[in-house]
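The values are calculated or read from the model by the stated rules, or taken from the named source; none is laboratory data. Model, not experiment: these values are computed from the prediction. Here the Cβ positions follow ideal geometry from the backbone for every residue, glycine too, while neighbour counts run over all protein chains shown. SASA here: full protein model, heavy atoms, side chains in, ligands and nucleic acids out. Shrake-Rupley method; radii C 1.70, N 1.55, O 1.52, S 1.80 Å.
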Amino acid sequence: MLPMFEQVVISLKDYLSKQFYKNNSYCYEAVFNIIWHCAQNLTYPDFHKAMN
């Protein structure tokens, strides 16, 4: 099982799109902030793996 922060990034990363921002900028900002928090608590290799 993946650590919690990695799983959150994997689950939310697709919401960081221009189209989602245009349709719902408030939710985009919330997703961005959550992913930012996860990034600050993961190593770079773990974060990079989760984003790709």
Requested in this report: Identify the single condition in (1) of a type in the set (A, V, I, L, M, F, W, C); (2) surrounded by 12 or more Cβ atoms within 10 Å (Cβ to Cβ); (3) out of contact with any Lys or Arg (no Cβ under 8 Å at 6 or more places or on another chain) that Ala50 does not satisfy, given that it satisfies every other one.
Outcome: (3)
Query raised in the report: What are the residues in the range 1-29 that are closer than 26 Å to Pro45 by Cβ and of a type in the set (Asp, Glu), if any?
Result: Glu6, Asp14
Requested in this report: Select from the range 8-19 the residues that are touching a residue at least 12 places away in the same chain (Cβ under 8 Å) and open to solvent by 60 Å² or more (accessible area, probe 1.4 Å) and write down the one among them that is farthest from Glu29 (Cα to Cα).
Outcome: Ile10
Report task. Taking Phe32 as the residue in question, decide whether it is at pLDDT 95 or above, aromatic (Phe, Trp, Tyr) and open to solvent by less than 60 Å² (accessible area, probe 1.4 Å). Result -> no
